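Undergrad: Before anything else, here's the structure in question.
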Amino acid sequence: ARPKDLAGLRIAVTAGPTQEALDPVRYLTNHSTGKMGYALARAAAMRGADVTLIHGETALQPVRFTTDVPVTTAQQMYEAVTSRFEDTDVLIMAAAVADYRPAAVANDKIKKKDGDMSIPLERTPDILGTIGPRKAHQFLCGFSMETRDLVENSSAKLTRKNLDMVVANNLKVAGAGFGVDTNVVTLITPDGARELPLMSKADVADAILDEILKRKNS
Ligand code: C5P
């Protein structure tokens with residue numbers, strides 16, 4: 001078993017997709033299953049951290065020994081994260097938060113008509129983008145999914161959102177990304193980029209937590 005090297009740390013992990021309603025029967029979402037975030041919550045709890053798992057709709061079982069906070073929309077996730085932020089030491093944003101939502105939610109089912117139609121969208125709040133610039137003692141870890149220029153785009157995110165670490169996923173690599181139990185990630189910090197080999201999401205979670213602990217203690 002792992003030592004309880006995270007005892008005393010309050011870690012909030014976000015996981016899974018958000019759902020943005022269009023009407024009572026339809027919503028916009030993405031392919032996130034929540035596996036990476038849940039693996040992080042499980043690993044952190046096993047290592048003694050006080051873990052809050054804030055998650056969108058997933059098919060996964062709740063993680064034992066964590067505080068479970070289910071949400072549906074990006075707005076709800078924003079509120080769940082910001083309301084706990086003062087009492088959080090480490091925030092790991094593994095959730096795939098929708099960037100846009102329908103500008104209006106219809107009260108009744110939208111009926112089809114002849115011809116094409118389009119949906120006006122508005123931006124959701126950028127959770128990390130809002131709290132990054134306001135952080136005090138907190139360690140902030142974001143995730144990044146890119147299909148090109150992984151390190152360049154993710155390093156830009158680190159600076160722009162005032163993060164301490166970005167876990168970059170290349171969606172084009174076999175065994176990485178949505179749905180699978182393995183991942184290939186690059187850890188990006190102010191000191192540079194370090195690519196990890198193909199590993200289970202459980203091992204990736206421990207590697208991410210190792211890096212966070214090392215950086216918090218240095
Ligand atoms: O800039 P980009 O959306 O690619 O950044 C991804 C990171 O930002 C992820 O950690 C994600 O959880 C977080 N995010 C957020 N609020 C949003 C969208 C993404 O905190 N509205």
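Undergrad: Ordering Lys113, Lys201, Lys161 from largest to smallest accessible area (1.4 angstrom probe), what's the sequence? Display every interim value, and only then the final one.
TA: Details: Lys113 175, Lys201 15, Lys161 35 Å².
Sorted descending by solvent-accessible area, the residues read Lys113, Lys161, Lys201.
Undergrad: Given a Förster distance of 25 angstrom, what is the FRET efficiency for Thr147 paired with Asn107, based on the Cβ-Cβ distance and rounded to 0.05?
TA: For Thr147 and Asn107, the calculated efficiency is 0.10.
Undergrad: Counting only other residues whose beta carbon sits under 14 Å from that of Asn153, what net charge do I get with K and R as +1, D and E as -1? Present the calculation step by step, with values, prior to reporting the outcome.
TA: On the way: positive: Arg148, Lys157, Arg160, Lys161, Lys172; negative: Glu146, Asp149, Glu152.
Cβ neighbours under 14 Å give a net charge of +2.
Undergrad: May I pose another question? Expressed in nm to one decimal, what extension gain is obtained for the pair Ala156 and Lys172 from 0.36 nm per residue of sequence separation less their Cα-Cα distance?
TA: On the way: separation 16, 0.36 × 16 = 5.76 nm, distance 1.99 nm.
In short, 3.8 nm is gained.
Undergrad: Another one. Using a Förster distance of 45 Å, how high is the FRET efficiency between Asp114 and Glu79, based on the Cβ-Cβ distance and rounded to 0.05? Please report the intermediate quantities before stating the final value.
TA: On the way: r = 40 Å, r/R0 = 0.89.
Taking R0 as 45 Å, the efficiency between Asp114 and Glu79 is 0.65.
Undergrad: Right, something else. Using all C-alpha to C-alpha distances in the chain, build P(r) with 10 Å bins and read off the rounded percent in each one.
TA: 8, 34, 37, 15, 5, 1, 0
Undergrad: Cα axis of helix 35-46 to longest principal axis of the chain: angle in degrees, 0 to 90, nearest 10?
TA: The two axes meet at around 40 degrees.
Undergrad: So what is the relative contact order for the chain, in percent, with contacts set as C-alpha pairs under 8 Å and at least six apart? Please report the intermediate quantities before stating the final value.
TA: Details: 456 pairs, mean separation 41.7, N = 218.
The value is 19 percent.
Undergrad: Could you size up the charge dipole of segment 99-218 around its Cα centre, putting +1 on the beta carbon of Lys and Arg and -1 on that of Asp and Glu, and report it in debye to the nearest 20?
TA: Numbers: 18 positive and 17 negative charges, 89 e Å.
In debye, rounded to 20, segment 99-218 gives about 420.
Undergrad: Another question, then. For a Förster distance of 22 Å, can you work out the FRET efficiency between the beta-carbons of Asp203 and Leu60, rounded to the nearest 0.05? All intermediate terms of the calculation are to be shown ahead of the outcome.
TA: Working: r = 18 Å, r/R0 = 0.82.
With R0 = 22 Å, the Cβ-Cβ based efficiency is 0.75.
Undergrad: Obtain the nm distance between the two label points defined at Thr67 and Arg2 by a simple spin-label model: each point lies 7 Å from its Cα along the Cα-to-C-beta direction.
TA: Calculated label separation equals 2.0 nm.
Undergrad: If you don't mind, another one. Hey, got the dipole for the chain? About the Cα centre, +1 on K and R Cβ, -1 on D and E Cβ, debye to the nearest 20? Write out the running numbers ahead of the final one.
TA: Working: 27 positive and 27 negative charges, 27 e Å.
Dipole of the chain, to the nearest 20 debye: 140 debye.
Undergrad: With label points built 7 Å along Cα→Cβ from the Cα atoms of Tyr100 and Asp126, find their separation and express it in nm.
TA: 1.6 nm
Undergrad: Follow-up. Output wanted: per-residue J couplings in Hz (rounded whole) for segment 203-218, from phi through Karplus 6.51 cos²θ - 1.76 cosθ + 1.60, θ = phi - 60°, x for Gly and Pro.
TA: Coupling constants for segment 203-218: 6, 4, 4, 5, 5, 5, 5, 4, 5, 4, 4, 4, 6, 5, 8, 9 Hz.
The values are calculated or read from the model by the stated rules, or taken from the named source; none is laboratory data. Keep in mind that this is a model prediction, so the values were computed, not measured. Glycine gets a Cβ as well: all are built from the backbone with ideal geometry, and neighbour counts include every protein chain shown. When the accessible area is computed, the model is the full protein with side chains, heavy atoms only, and any ligands, DNA or RNA have been set aside. Shrake-Rupley method; radii C 1.70, N 1.55, O 1.52, S 1.80 Å.
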